[in-house]
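The values are calculated or read from the model by the stated rules, or taken from the named source; none is laboratory data. Keep in mind that what you see is a predicted model, and the values were worked out from it rather than measured. FYI the Cβ positions are ideal-geometry reconstructions off the backbone, even for glycines, and counts take in every protein chain you see. Areas reflect the complete protein model, heavy atoms only, side chains present, ligands, DNA and RNA absent. Shrake-Rupley method; radii C 1.70, N 1.55, O 1.52, S 1.80 Å.
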Amino acid sequence: MVLIACDEGNLPLESRVADVAYEFELDEVIATERQLFYVAATRERAAVCVGHRTWF
């Protein structure tokens, strides 16, 4: 499995962070993004490659 674009501004997605009105919502957005990344990384049993912009 390859997880691409794992850069600042992409994790968490800047547009989701910009839409946040309150601090507690920001914590929720970050927690959700972290959980989704964790699930993506842990579902693969063989190998995980995490990429960032300098690879493209």
* Select from region 10-31 the residues that are touching a helix residue (DSSP H, G or I) at 6+ places or on another chain (Cβ under 9 Å), part of a helix (DSSP H, G or I), open to solvent by 50 Å² or more (accessible area, probe 1.4 Å) and more than 20 Å from Arg53 (Cβ to Cβ) and list them in ascending order. => Ile30
* To do: Sort out which residues of region 32-47 are surrounded by 12 or more Cβ atoms within 10 Å (Cβ to Cβ) and among the β-branched types (Val, Ile, Thr), and write them in order of number.
  => Thr32
